[in-house]
1. If a residue counts only when it is within 19 Å of the chain's Cα centre (by Cα) and in the same structural domain as GLY22 (by TED's automatic domain parsing), which helices (runs of 4 or more DSSP H) contained entirely in the range 53-165 have at least 2 such residues?
2. Give the residues of the range 110-140 that are closer than 21 Å to SER4 by Cα and buried (at least 18 other Cβ atoms within 10 Å of the Cβ), sorted by residue number.
3. Between a first residue in the range 39-66 that is over 20 Å from SER15 (Cβ atoms) and a second residue that is surrounded by fewer than 11 Cβ atoms within 10 Å (Cβ to Cβ), which pairs have beta carbons less than 8 Å apart while being 6 or more apart in sequence or on different chains?
4. Please give the number of the condition TRP41 fails out of (1) in contact with a strand residue (DSSP E or B) (Cβ under 7 Å, 6 or more places away or on another chain); (2) of a type in the set (Phe, Trp, Tyr); (3) assigned to a helix (DSSP H, G or I).
5. So which of PHE117, PHE83, PHE104 ends up being closer than 23 Å to VAL32 by Cα and among the aromatic types (Phe, Trp, Tyr)?
6. Could you please find all residues in the range 87-108 being surrounded by 20 or more Cβ atoms within 10 Å (Cβ to Cβ) and of a type in the set (A, V, I, L, M)?
7. Restricting to the range 1-37, what's the tally of residues that are part of a helix (DSSP H, G or I) and either of a type outside the set (Lys, Arg) or in contact (Cβ under 8 Å) with a residue 12 or more places away in the chain (or both)?
Amino acid sequence: MHVSAINAILSFSASLVLHEMGHFFAARLARVRVTEAGLGWGPKLFGVTTNGVDYQLRLLPLGAYIRMDMSTLQKRPLFQQLFVLLAGIVVNLMLAAAAWGSFFGTLNLVLALANLFPIYQQDGWKMGMLIFRRLFKRRSPVVEWSFTLYPAVVGLGVVIRFLCF
C-alpha cells in the first residue's frame, strides 16, 4: 500500500477530527457544555466562535481536542461519563469498518485501539480513573498513581528488552 505524505496528513487529521466529533456529539447528548474544539497544537492560526464553542485551527496538525465543562460531566451518571469518553473510540471503529483494507481504515483501527490503552490522558486512562473512583467511592492516590505509571513502566521494560537482547 503506497501512501503519500498528503494522504497520510489528511487521513490522520480527518481521523482525529472525527474522533473528537464523537466526543463532541456525545457530550451534547449528555447535556455537557462544550467550550472549545480544535485541530492541532501550537500557536492558533485561525479561530471562530459559534453557539458558544470556540473552534480553533493550530499550527501543527498533530492532534485534536474537545474542551468541555468537566464539572458538569463529573456530575453525570457513570454510564453517561463513559459514553462521552467511548464515543471517539466508537467513531474510529466505525470508520475502520467502513474503510476496511485502506490506509484510512487501518489508521482509524490503530487510533481506536491506542485510545483504549490506559496511557495518561488517553480515553482508556480516563475511563479507568472513573471506574476506580466509583469502585473506591473516593480518590485513591496510590491506585491512581499506580494506574498512571504502570503502562510507562511496562513500555520502558519492552523498550529495554528489545534494545538489550
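The values are calculated or read from the model by the stated rules, or taken from the named source; none is laboratory data. Quick caveat: nothing in here was measured; it's all calculated off a predicted structure. Please note: Cβ atoms are built from the backbone with ideal geometry, for glycine as well, and neighbour counts cover all protein chains shown.
1. 70-75, 78-98, 103-116
2. So the first thing to find is which residues in the range 110-140 are closer than 21 Å to SER4 by Cα, and the list is 110-111.
Selection gives LEU111 alone.
3. Once the first residue is over 20 Å from SER15 (Cβ atoms) and sits in the range 39-66, its partners that are surrounded by fewer than 11 Cβ atoms within 10 Å (Cβ to Cβ) give ASP54/VAL48.
4. For TRP41, the failing item is (3).
5. Working: PHE117 fails: closer than 23 Å to VAL32 by Cα; PHE104 fails: closer than 23 Å to VAL32 by Cα.
Checking each option against the conditions leaves just PHE83.
6. Scanning the range 87-108 gives ALA87, ILE89, VAL91, LEU95, ALA96, LEU107.
7. Taking the range 1-37 and keeping what is part of a helix (DSSP H, G or I), we get 5-29.
Applying the additional criterion that residues be either of a type outside the set (Lys, Arg) or in contact (Cβ under 8 Å) with a residue 12 or more places away in the chain (or both) yields 5-27, 29.
Number of matching residues: 24.
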